[in-house]
Amino acid sequence: MAEPVEGPTDEPLNRWNGWKERLAPVPGDRSNDRRFAAGAAVLGLVVAAGAVLAAGPWDSGQRKAEHDRVAAVEHAGGVHHPGNPPGAPRPAPSAAAVLSALGEPSGRTDPVAAEALDAALTPLLKAPGLGTVSAASVVDAATGEQVYAHGATTPMTPASTVKIATAVAALSALGPDHRIPTTVRVSEDSGTVTLVGGGDPTLDKAALRSLAADTARALRDGGAGKVRLTYDTSRYSGPALHPIGPNENIAPVSALMVEEGRLDGSDHGPAPRTADPAREAARTFAGLLRDAGAPTRAEPAPGRAGSGARTVATHLSKPLSALVERALTNSDNDIAEALVRQTALKAGEPASFAGGRRAVTSRLKELGVPVAGAELADGSGLNRQDKVTAGLLTSLLTLAADPDRPELRPVLTGLPVAGFSGTLGDRYPATSRATGLVRAKTGTLTGVNALAGTAVDPRGRLLAFAFLTSGTTSPGEAESSLDALATALTRGGR
């Protein structure tokens, strides 16, 4: 349950429309562009009964799920505002401060109180729960000014916060509208069908059924009887097994898999996985071909289509923007590794762990962010050899808020929302000031805890932050200490 909205509440919809008008960019006004960039990220605030997530592509997977959840909460009860139409969006509890800052005529706000942040954050970084080594960086996203730093250039194990680097590299290389294809090719004599994986880990049974229907139709038109089925995973190379070994947090990395190789029907979090995702996908496809009237002669086998084969069916993944959001919100390791390999392919590198490391590192260098000391051994952060600095993470987040880089905005809209969604859904109580005002990627390995994202201060400033720790002994204490640091940002250091 959200805190009641302070102040008059009889015209929330009018205030909402006024907010949108304030955020609209004015041609030729650069300061207004800056305000719009901060506002676009601020509009990701979510509080479940009294506020609504107002930014991000609502029609894509994660944002639509959040929208539906908000609607369900509001219909079940919550604060009633006279004159508020059913389902109309309402400002977050802190909206007055945010709107005041964003609507300031000059488009400027007072500078971030760096001294206050230092006084508040430095003692919090000494909390026992943060282990033996910690690093921090806080940047004013509107100006790019670093307003707090503690070991910000020290390379540390980032755990899953490395997914921020993965997402920025993929979006900048491929664009938010890029889709990953899965295709079916049929030989010249219509005797062999090849299912070709393109690297979409979110491919599901419904998509395979559609591919099977189109394939069966093409085979009937060609007068084929039973066919031989092969499956092609050659788009990816190198070892399929992540260095951590068989693990419920990630399937063997393959260019062909259905629902991330999950065996329990889940769509996020740890789950039992198949040891051979491509073979399982091909077996499922064979059954669907049979149901569509195109039976196969034998078990599917690995193979590639011949030079004379024709493409008879194609399925495209959701746009890369939606895949990035899902990877960040749910800390999805399978999607993260796929994003790295798509980036590698775009760069002409092998779609492998090694090729992905080179491609992502090169891409970040091109973007001009500080990569000194960075080691990007994988895309998911499961590999302890990964190293980044707190300064690199805040640079990436600030870049994603740049009005000149709209293609990177899914990095911000995909971050979990404090107290509401993804891996921060149960981290902040409804009474916390940070609920809805902090969006951040979590990171957890044994002895390693991290938090990196954005926070809105009392003046409406968007702050990019990264807090990295190692040597932690209690995940619960570490998370509470990291949450206290992020919460301090929403208080302006007070």
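Could you list all residues from segment 457-480 that are touching a Gly at 6+ places or on another chain (Cβ under 9 Å) and among the hydrophobic types (A, V, I, L, M, F, W, C)?
Once the filter is applied, which keeps residues that are touching a Gly at 6+ places or on another chain (Cβ under 9 Å) and among the hydrophobic types (A, V, I, L, M, F, W, C), segment 457-480 yields LEU462, ALA464, PHE465, ALA466, LEU468, ALA478.
Looking at LEU463, LEU451, LEU437, LEU482 in this structure, which one is surrounded by 24 or more Cβ atoms within 10 Å (Cβ to Cβ), over 21 Å from SER395 (Cβ atoms) and within 22 Å of the chain's Cα centre (by Cα)?
LEU437
Quickly run through segment 401-434 and pick out the residues that are part of a loop (DSSP other than H, G, I, E, B) and surrounded by 21 or more Cβ atoms within 10 Å (Cβ to Cβ).
Residues satisfying the conditions are ALA401, ARG409, GLY414, LEU415, PRO416, ALA418, GLY419, PHE420, SER421, ARG427, TYR428, ALA434.
For segment 295-323, which positions are modelled with pLDDT of 95 or more and among the aliphatic types (A, V, I, L, M)?
If the condition is that a residue be modelled with pLDDT of 95 or more and among the aliphatic types (A, V, I, L, M), then ALA301, ALA305, ALA309, VAL312, ALA313, LEU316, LEU320, ALA322, LEU323 are the ones that fit.
Take the residues in segment 132-151 that are of a type in the set (S, T, N, Q) and under 25 Å from the mean Cα position of the chain (by Cα), then tell me which one is nearest to LEU393 (Cα to Cα).
SER137
I'd like the residue in segment 377-393 that is under 20 Å from ALA440 (Cβ atoms) and hydrophobic (A, V, I, L, M, F, W, C) and, out of all such residues, is surrounded by the fewest Cβ atoms within 10 Å (Cβ to Cβ).
So the residue we want is LEU382.
Is segment 222-234 home to any residue that is surrounded by fewer than 18 Cβ atoms within 10 Å (Cβ to Cβ), outside any loop (DSSP other than H, G, I, E, B), over 21 Å from the mean Cα position of the chain (by Cα) and not aromatic (Phe, Trp, Tyr)?
Yes.
Which condition number does ALA275 fail, the rest of (1) at pLDDT below 95; (2) more than 29 Å from HIS178 (Cβ to Cβ); (3) in a loop (DSSP other than H, G, I, E, B); (4) out of contact with any helix residue (DSSP H, G or I) (no Cβ under 7 Å at 6 or more places or on another chain) being met?
The number of the failed condition is (1).
For (1) closer than 27 Å to ARG273 by Cα; (2) out of contact with any helix residue (DSSP H, G or I) (no Cβ under 7 Å at 6 or more places or on another chain); (3) in contact (Cβ under 8 Å) with a residue 40 or more places away in the chain, each residue gets a yes or a no:
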site: ARG185; (1), (2), (3): no, yes, yes
site: GLY191; (1), (2), (3): no, yes, no
site: GLY198; (1), (2), (3): yes, yes, yes
site: PRO201; (1), (2), (3): yes, no, yes
site: ARG209; (1), (2), (3): yes, no, yes
site: ASP214; (1), (2), (3): no, yes, yes
site: ARG220; (1), (2), (3): no, yes, yes
site: TYR231; (1), (2), (3): yes, no, yes
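Restricting attention to segment 302-322, which residues are among the aliphatic types (A, V, I, L, M) and surrounded by 15 or more Cβ atoms within 10 Å (Cβ to Cβ)?
ALA305, ALA309, VAL312, ALA313, LEU320, ALA322
Of the residues that sit in segment 328-360 and are under 19 Å from the mean Cα position of the chain (by Cα) and not in a helix (DSSP H, G or I), which one is surrounded by the fewest Cβ atoms within 10 Å (Cβ to Cβ)?
ASN330
How about segment 235-254: which of its residues are open to solvent by 20 Å² or more (accessible area, probe 1.4 Å) and outside any loop (DSSP other than H, G, I, E, B)?
Correct list: ASN247 only.
Being open to solvent by less than 20 Å² (accessible area, probe 1.4 Å) and either within 30 Å of ILE164 (Cβ to Cβ) or part of a loop (DSSP other than H, G, I, E, B) (or both) is the filter; apply it to segment 281-294 and report the residue that is modelled with the lowest pLDDT.
ALA294
Counting just the residues of segment 158-188 that are of a type in the set (Ser, Thr, Tyr) and either outside any helix (DSSP H, G or I) or open to solvent by 10 Å² or more (accessible area, probe 1.4 Å) (or both), which one comes out nearest to THR398 (Cα to Cα)?
By that ranking, first place goes to SER172.
Go through (1) assigned to a helix (DSSP H, G or I); (2) under 21 Å from the mean Cα position of the chain (by Cα); (3) farther than 30 Å from SER254 by Cβ for GLY129 and report which single condition fails.
Among (1) assigned to a helix (DSSP H, G or I); (2) under 21 Å from the mean Cα position of the chain (by Cα); (3) farther than 30 Å from SER254 by Cβ, the lone unmet condition for GLY129 is (2).
Which residue out of GLU325, GLU299 is in a loop (DSSP other than H, G, I, E, B) and either out of contact with any strand residue (DSSP E or B) (no Cβ under 9 Å at 6 or more places or on another chain) or open to solvent by 30 Å² or more (accessible area, probe 1.4 Å) (or both)?
GLU299
Can you list residue pairs whose Cβ atoms sit under 6 Å apart, with the first residue in segment 251-273 being among the polar types (S, T, N, Q) and the second being assigned to a helix (DSSP H, G or I)? Count only pairs 6 or more apart in sequence or on different chains.
Correct list of pairs: SER254/PRO277; SER254/ALA278.
Tell me which residues, restricted to segment 196-221, are over 27 Å from the mean Cα position of the chain (by Cα) and β-branched (Val, Ile, Thr).
Result: THR215, single match.
The values are calculated or read from the model by the stated rules, or taken from the named source; none is laboratory data. What you see is a predicted model, and the numbers here were worked out from it, not measured in a lab. All Cβ positions, even for glycine, are placed from backbone atoms using ideal geometry, and neighbour counts span all protein chains on display. These accessible areas exclude ligands, DNA and RNA; they are computed on the full protein's heavy atoms, side chains included. Shrake-Rupley method; radii C 1.70, N 1.55, O 1.52, S 1.80 Å.
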